1. Go over the candidates C:F129, C:F79 one by one and state the one that is in contact with a helix residue (DSSP H, G or I) (Cβ under 9 Å, 6 or more places away or on another chain), within 16 Å of ligand 3 (Cβ to nearest atom) and among the aromatic types (F, W, Y).
2. Among the residues of segment C:176-194, which ones are in contact (Cβ under 8 Å) with a residue 60 or more places away in the chain and either within 16 Å of ligand 1 (Cβ to nearest atom) or of a type in the set (S, T, N, Q) (or both)?
3. Of the conditions (1) in contact (Cβ under 8 Å) with a residue 12 or more places away in the chain; (2) open to solvent by 20 Å² or more (accessible area, probe 1.4 Å), C:H84 satisfies every one except a single condition; which number is it?
4. Is it true that some residue in segment C:46-54 is within 16 Å of ligand 1 (Cβ to nearest atom) and closer than 23 Å to C:P163 by Cβ?
5. Among A:R363, A:R349, which is the only one that is part of a helix (DSSP H, G or I), charged (D, E, K, R) and open to solvent by less than 10 Å² (accessible area, probe 1.4 Å)?
6. Hey, does segment A:102-118 have a residue that's part of a helix (DSSP H, G or I), more than 9 Å from chain C (Cβ to nearest Cβ), under 30 Å from C:I263 (Cα atoms) and not basic (K, R)?
7. Criterion first (within 16 Å of C:D46 (Cβ to Cβ), small (G, A, S), away from every other protein chain (no Cβ under 11 Å) and within 16 Å of ligand 3 (Cβ to nearest atom)) does C:G240 satisfy it?
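The values are calculated or read from the model by the stated rules, or taken from the named source; none is laboratory data. Computed from a predicted structure; not experimentally measured. Reconstructed Cβ throughout: ideal geometry from the backbone, glycine too, with neighbour counts over all protein chains shown. Protein only, heavy atoms only, side chains kept; ligands, DNA and RNA dropped before computing areas. Shrake-Rupley method; radii C 1.70, N 1.55, O 1.52, S 1.80 Å.
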Amino acid sequence: MKKLETFGIKPHDASLKNDGQKWSIMEKLLLGLTLDQYIGQALRNKLNWLFAIIFAIGIPVILYRFVFSLGAVTHGSYDYPWGLFLGFGLFCMVPLSASGFMLGTTVEIFGRHDFEPIERLALLNGLLGYFFAVVYLLVDLGQPWRLSYPMVYSFGPAAVLFLVGWHVATYLSVQVMEVSTAFFEWIGFQRGYDFIRKGTIGLTVSGVILSTLHQGALGALFLYAPGKVHPLWYSAPFQWILFFISSIPAGLCMVISVSTIVIYTMKWRCDKRFIDNLDWITIALAKGAAMGLSTYIIMKFIAVAHDNEWAYFFTGWGAWWWFEMLGFVILPLAILSYGIRHKLVGLCRIGAFLTVFGILLNRLNTALIAFNWQLYQEIPHYLEIIIAITIFAIYIATYRFILARLPILYKFRSQAEE
Amino acid sequence: MVNAGKHLMTGLGVLLLSAILAVSCYAMDYPDEVEIDSLANLYEAVVFDHAMHVDATENCSECHHHTTGSGVANDYCAKCHDGKEEMDSVACQDCHSADPVSPENLHNPKPGYSYHNDQPNLKAAYHLNCVGCHQEVDGPTGCEDCHAKTEAGEKFYHSGEFAPKESAHSSGH
Amino acid sequence: MSKITRRKFLAASAAGGTAIMMAPTKKAFAAGSFEGFPDGMGVLVDLTRCVGCRTCEAACNKEQQLPEPAKPFDDYSVFDEIHHGQKRRTTDKAYTIVNRYELKDTEEPLYRKIQCNHCNEPACLTSCFVNAYKKTPEGAVIYDSHVCVGCRNCMIACPFHIPAYTYHSVLNPVIKKCIFCYDTRLKEGKPPACVESCPQQVMTFGKRKDLMKIAHERIKKNPGKYVDHVYGEKEVGGTGWFYISNAPFEEAGFDVHLPKKPIIDNVKDFLAIVPVVLTVWPALFTGFHLLATKGKSHGHGDDHSHDEQGGH
Ligand code: SF4
Ligand code: SF4
Ligand code: SF4
């Protein structure tokens, strides 16, 4: 892309061409480039080659899973019924996608329209994260074609998973609607855009409700397994609060991380508004994340104190707990705080990346590593790992595909100029 | 010790400890051999060497509670019975129901027998008695030490000619 | 009574989560209740009697028409099998298994039969989001595989590691576990196959409450023989199958740290906040919105630009 820019070719970024004609969908898909130009830049991108390799291996493995059963690609463990697909795909992707409701609330509910440049990125991050969490779920379910059963056919309303199912499904539709404004803008469907725009407040409020509940519910799912999850990662009264609170820094830091990656690799797609505002927005988001993290740390210790689990600190599991807490919660908090105080965007970004890893580690700990701590450690089957990586690669590819096209990082010029 | 109790099996009908057993052993008028033969199903009949067991034990009450008139071995029974009097029923099956799990085994079987609840069924009465003692005195405890498996038994246990083809494969995961 | 009220409340509060958006039928909410049944049947398992003959395993295999075992049922090398450092457990091909435990104080090992304990308030049942499980009035915890989606939450939830999954089925993978021989026997008042087959009458079948009395009586009648505890009387709210033993239960591989309350009680706190969030949040956040945007235009900056742009 950079190379093309040096030739003076600009990507599509307005609803009308310079000569006042409308872009066709095909032209939009090709980013306003000619087919040759498009293919040329795609081939020059090394990431595409990596994707090609991953897909070449991973997609057949995914097909293999559906043709030869779940038992063929996992160890089919009775003791670890949830492996990487849920441990990573559901329990990590969902908190990292909490960004949507948080920036939605900031902008729409609290009227902080100065955060608007990042709002759509946050919404998209939320939507894609949830969508791919569902994709992981579909791969993991024994009978994915029955996914709709808890919705329409057979209800288990006393189950936490029932709540998660309903909420993720509903919230996914809310997010589709929220992001659809960008899509309507892109295809030029003004009426749809106006229609959704009118319901924004309602959508945003339902987003908050649903998110509060199901982020917490993911934690509450483990309340069914007292004794299986190590006590340091388990707390009957606080589990849902811990999961909910940690989803706040998780979502915010994910937006910081994604915007960082974007600003370094897709700068051509960002408009001036985005680029100029990103620095102070990053710091503002970091502030939110830091606040969330400090609350989270306090809650973590309250949980340990409440169940009087201090003795576990002196075991191997205690050391591992401290590794997670020191390296990926307290350290990033310190980095973020320093970065905020001295307005160092770079530091905030490092802190954000660390926080994201911290959330990954925490969820994997709860779901897999400290799960069945009294039994044995399950190491996922290599095909399971390949599938998890492949779906994640599809996630990134989709993310990039949409970012490059829809007005997420930029505004259509005609509007921006007005 | 693993074999400790390969034993009698399901679906057995009535265990016939022949009526002869009812005869008092106090009077030393007991059968020398008893054929427990109703296990037609999974195991062959057992020929029980009664005479040998009479010689090997000190007192009939070790197996027959208080019924033979030769004293009481069990403290719990001794609370009511002095064991000096011979009972009408001495055969195991007279008290222990052949019904493998009937509610009567749980509650007292006849009016007036309120302390006779929680009785094992006949099959269990034999096995608990025999195996319990055999373990103490190092008697045979493997199932087939006492009775040979029938073809139906082999089928049931998936053993012998009905053994699984690839038994190398483990049953766990 | 209070118990029932509480459960209804829980079910209703979780259901409330959906009611606000798209209420499914009324019937669905009722389906979440799972009262214990006072006259339910149970099984008393006396571990002192078990000799490890595995006859019960064979009986279960036959009764439930399970696939051929990997080893014959009179092959006792299975007691030495170790998988991931663990003794054998129930699988989709074996609803019950017998394990051997070496004891600290005696030479004689202890054998223990493992199967579903048919809990009074089953964790598997309460965790299932399609309500596939059912506690029948007879006391069995049974399972409708036709609605199973395969999320395997029940396997996470069961405190005894009982339900297994047919991972290797492509088209119809489902949960498999002991069903107290419900379809073929319990329904007609008959004892399960494993109970009937046992030569030692390790298992006594009857009404749970009668058996509980007998369990305590046996402990009392035989001083010194048993440890003074009935495992399953209180554990996780009480189980339909419960155990007495001559050795401390932890030596027989039991989890002695399980809560006395039903597993679902853990989740109660969370379920209780659901209706609160549902009712308070909308008001709260709409309020925030009005406050935060007070004095400003309620519309959105870019909305205006679009209205103007609409003419293009
Ligand atoms: S033992 Fe496990 S599977 Fe059986 S009823 Fe209890 S929770 Fe459910
Ligand atoms: S009750 Fe029936 S299903 Fe359960 S272990 Fe016994 S024989 Fe098998
Ligand atoms: S049949 Fe009875 S004695 Fe034999 S292993 Fe099973 S429970 Fe133990």
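1. Exactly one residue qualifies, and that residue is C:F79.
2. If the condition is that a residue be in contact (Cβ under 8 Å) with a residue 60 or more places away in the chain and either within 16 Å of ligand 1 (Cβ to nearest atom) or of a type in the set (S, T, N, Q) (or both), then C:K176, C:K177, C:C178, C:I179, C:F180, C:C181, C:T184, C:L186, C:P192, C:C194 are the ones that fit.
3. (1) is the only condition that C:H84 fails.
4. No, the conditions are met nowhere in segment C:46-54.
5. On the way: A:R349 fails: open to solvent by less than 10 Å² (accessible area, probe 1.4 Å).
Step by step, each of A:R363, A:R349 is checked, and only A:R363 is part of a helix (DSSP H, G or I), charged (D, E, K, R) and open to solvent by less than 10 Å² (accessible area, probe 1.4 Å).
6. no
7. No: the conditions fail for C:G240.
Per-residue answers, yes or no, for (1) without any contact (Cβ under 8 Å) to a residue 40 or more places away in the chain; (2) more than 10 Å from chain C (Cβ to nearest Cβ); (3) open to solvent by less than 10 Å² (accessible area, probe 1.4 Å); (4) not in a helix (DSSP H, G or I):
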| site | (1), (2), (3), (4) |
| --- | --- |
| A:V176 | no, yes, no, no |
| A:V179 | no, yes, no, no |
| A:D194 | yes, no, no, no |
| A:V208 | no, no, yes, no |
| A:G216 | yes, no, yes, no |
| A:L223 | no, no, yes, no |
| A:I241 | no, no, no, no |
| A:S246 | no, yes, yes, no |
| A:I256 | no, yes, yes, no |
